[in-house]
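Beneath this line is the structure, given in structure tokens, with notes to follow.
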């Protein structure tokens with residue numbers, strides 16, 4: 001089967017903050033016209049920001065999160081791409097507005113840059129498709 005959703009690679013801890021519902025904007029230097037479901041993939045390298053530092057910066061309580069690297073950690077939906085937003089997470093040129101984020105069990109997966117297509121086989125391996133698509 002062909003592509004049915006997209007994958008985006010995000011460094012930790014930002015990826016886990018998204019899939020656990022804390023971060024509602026993903027900042028990028030480029031815009032996208034894509035709207036729809038996205039698998040959240042973590043890069044092999046973390047961002048260098050700790051969850052504790054982020055909690056202090058934003059004045060919020062954050063749980064201790066597992067921060068796996070190099071795989072799929074969850075899903076979200078891109079519902080808009082904006083150049084300004086009231087979210088405290090927005091900074092930079094463009095923000096992908098995210099909705100209905102959720103964590104999934106970690107699945108190691110090789111990533112790459114950009115917003116790219118996910119195959120039905122990957123989505124099925126994550127248990128996200130009806131039985132008829134597997």
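Laboratory data are not the source of any read-out in this text; all were calculated from the coordinates shown. All values reported here derive from a predicted model rather than from experimental measurement. Quick reminder, even Gly has a Cβ in these numbers, built from the backbone with ideal geometry, and neighbours come from all protein chains shown.
Going residue by residue through segment 2-12, is there one that turns out to be farther than 15 Å from residue 114 by Cβ, in contact (Cβ under 8 Å) with a residue 40 or more places away in the chain, surrounded by fewer than 14 Cβ atoms within 10 Å (Cβ to Cβ) and touching a helix residue (DSSP H, G or I) at 6+ places or on another chain (Cβ under 8 Å)? It would help to see each step written out before you state the result.
Taking segment 2-12 first, the residues farther than 15 Å from residue 114 by Cβ are 2, 4, 12.
Among the residues that remain, those that are also in contact (Cβ under 8 Å) with a residue 40 or more places away in the chain are: 2, 4, 12.
Keeping just the survivors that are surrounded by fewer than 14 Cβ atoms within 10 Å (Cβ to Cβ) gives 2.
From what's left, touching a helix residue (DSSP H, G or I) at 6+ places or on another chain (Cβ under 8 Å): 2.
For segment 2-12, residues farther than 15 Å from residue 114 by Cβ, in contact (Cβ under 8 Å) with a residue 40 or more places away in the chain, surrounded by fewer than 14 Cβ atoms within 10 Å (Cβ to Cβ) and touching a helix residue (DSSP H, G or I) at 6+ places or on another chain (Cβ under 8 Å): present.
Take the residues in segment 101-124 that are in contact with a strand residue (DSSP E or B) (Cβ under 9 Å, 6 or more places away or on another chain) and in a helix (DSSP H, G or I); name whichever of them is farthest from residue 36 (Cα to Cα).
122
Please indicate, with yes or no, whether at least one residue in segment 50-71 is within 18 Å of residue 6 (Cβ to Cβ) and outside any loop (DSSP other than H, G, I, E, B).
Step one: of segment 50-71, the residues within 18 Å of residue 6 (Cβ to Cβ) are 71.
Filter once more, keeping what is outside any loop (DSSP other than H, G, I, E, B): 71.
Checked segment 50-71: at least one residue is within 18 Å of residue 6 (Cβ to Cβ) and outside any loop (DSSP other than H, G, I, E, B).
Only residues that are surrounded by 18 or more Cβ atoms within 10 Å (Cβ to Cβ) and either touching a residue at least 60 places away in the same chain (Cβ under 8 Å) or within 20 Å of residue 125 (Cα to Cα) (or both): list them for segment 21-42, please. Lay out the reasoning, then the answer.
To start, the set of residues in segment 21-42 that are surrounded by 18 or more Cβ atoms within 10 Å (Cβ to Cβ) comprises 22-26, 38-42.
23, 24, 25, 26, 38, 39, 40, 41, 42, listed by residue number.
Mind checking whether some residue in segment 96-113 is exposed (fewer than 14 other Cβ atoms within 10 Å of the Cβ), touching a residue at least 60 places away in the same chain (Cβ under 8 Å), farther than 18 Å from residue 19 by Cβ and under 14 Å from the mean Cα position of the chain (by Cα)?
Yes; the residues of segment 96-113 include at least one that is exposed (fewer than 14 other Cβ atoms within 10 Å of the Cβ), touching a residue at least 60 places away in the same chain (Cβ under 8 Å), farther than 18 Å from residue 19 by Cβ and under 14 Å from the mean Cα position of the chain (by Cα).
Determine whether segment 75-88 contains at least one residue that is surrounded by fewer than 17 Cβ atoms within 10 Å (Cβ to Cβ), touching a residue at least 40 places away in the same chain (Cβ under 8 Å) and farther than 20 Å from residue 23 by Cβ.
Within segment 75-88 (the criterion being surrounded by fewer than 17 Cβ atoms within 10 Å (Cβ to Cβ), touching a residue at least 40 places away in the same chain (Cβ under 8 Å) and farther than 20 Å from residue 23 by Cβ), the answer is no, since none of the residues qualifies.
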